[in-house]
Amino acid sequence: MDNIRGAAFMVFAMFCFAVEDGLIKLLAEAIPVGQILSVICLGGLIAFLSWAKFKGERLWQPGYLDGKVLLRSFCDVGGSVMFVTSLTLIPLTTASAVIQATPLVVAMGAAIFLGQAIGWRRWIAIIVGFIGVLIIIRPGMEGFTPATLLAVGGMLGLAARDLFTRGLTVQLTGPQLATHTFALIVPAGLLLMMFQGQSPVMPDASQAMILLAAVFVGMIAYLAIVAATRGGNAGIISSFRYSRMIFALIIGYFVFSEIPDAPTLIGATIIIASGIYTLWRETQLRRASLTENPAL
């Protein structure tokens, strides 16, 4: 039952993230992407601080100055800025396909930097997954779009964030880490707008409503992720992250009239299959380890 509940919350979270991506892409037609990012994260920051105040928690945490926490947040900032920027330059489905490789990069990084044991089967799955990314990017071939590299950079930044999160020794909750990141993304968005030589745009009523919806949907997505990971088999539940690609395809087709080409679909399929196998294999090995060492 916990697995079913967790999977349902995970699918719902991925639906919300896909909707948020679509709202950002819609807004970017009239509003600078840096401004969109700053406003959305400012809304999230206010919401998290208000929640902390309501619960009687301190708004400032000494752990915010920890080196690993800062590195984690800077990776999150860089990844978010690059990925959101890519949404404005390439099809939603392409950006979403690339971001599906994040768990594969995290698995590889855990083996290289955290000393986590990974067998040859998972190494093959990771390599095959990267081949899927190359099929989508198609470097040096007709159809190559340099802006796709922004999505790749965003994916790498978010993967680095997840790796630093695994290595944290500071006692900070998920909402506190999100608060730290949002506080850094707000000025980063403004700097991006200055770098691109853009001026702030006053949104009209409909654009303001879309911005508000993006903030709300993003918060709901975060809460759904937290609910999804509170119980059940983490490997099984995490595999449902790939449902985000399905929602991106639907939104891309009906909202932006996107029809992904064959390389994008093939590459996305390879990435998703490799990722699901990696998660499944990790779950099997963890289960075997617990069987051999019940005390764990």
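Overview of results
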{"read-out": "Relative packing of peptides 237-245, 107-115 - highest average C-beta neighbours within 10 Å first", "value": "237-245, 107-115"}
{"read-out": "Per residue accessible area of the chain, 1.4 Å probe, in Å²", "value": "50"}
{"read-out": "Nearest-10 value in Å² for the accessible area of Leu192, using the 1.4 Å probe", "value": "30"}
{"read-out": "For segment 83-152 versus segment 1-49, the gap between their alpha-carbon centres in whole angstrom", "value": "21"}
{"read-out": "Kirkwood hydrodynamic radius of segment 86-144, Cα pairs, Å", "value": "12.8"}
{"read-out": "Relative contact order, percent, the chain [alpha-carbon distance under 8 Å, six or more residues apart]", "value": "42"}
{"read-out": "Fully extended contour minus Cα-Cα distance, from Leu42 to Val128, at 0.36 nm per residue", "value": "27.1 nm"}
{"read-out": "Relative contact order [Cα under 8 Å, 6+ residues apart], segment 83-160, whole percent", "value": "55"}
{"read-out": "Per principal axis, descending, Cα span of segment 237-276 in whole Å", "value": "30, 21, 6"}
{"read-out": "Segment 11-129: mean projected area of Cα convex hull, nm²", "value": "10.1"}
{"read-out": "Helix runs (DSSP H) in the chain reaching 27 Å along axis by Cα, Kyte-Doolittle at least 1.6", "value": "33-54, 205-228"}
{"read-out": "Portion, in percent, of the accessible area of the chain that falls on carbon or sulfur, probe 1.4 Å", "value": "71"}
{"read-out": "Compactness index (Cα Rg / 2.2 N^0.38 Å), segment 63-185", "value": "1.14"}
{"read-out": "Inverse of mean 1/r across different Cα pairs in segment 1-59, Kirkwood, Å", "value": "13.9"}
{"read-out": "Mean Cβ count within 10 Å, highest first, over the residues of peptides 263-270, 167-174", "value": "263-270, 167-174"}
{"read-out": "For segment 126-245: Kirkwood Rh in Å [reciprocal of mean 1/r, alpha carbons]", "value": "18.1"}
{"read-out": "Rg/Rh for the chain, where both radii come from Cα atoms and Rh is the Kirkwood radius", "value": "0.96"}
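The values are calculated or read from the model by the stated rules, or taken from the named source; none is laboratory data. As the structure is a computational prediction, the values presented were derived from the model and not from experiment. Neighbour counts run over all protein chains shown; Cβ positions are idealised from the backbone, glycine included. When the accessible area is computed, the model is the full protein with side chains, heavy atoms only, and any ligands, DNA or RNA have been set aside. Shrake-Rupley method; radii C 1.70, N 1.55, O 1.52, S 1.80 Å.
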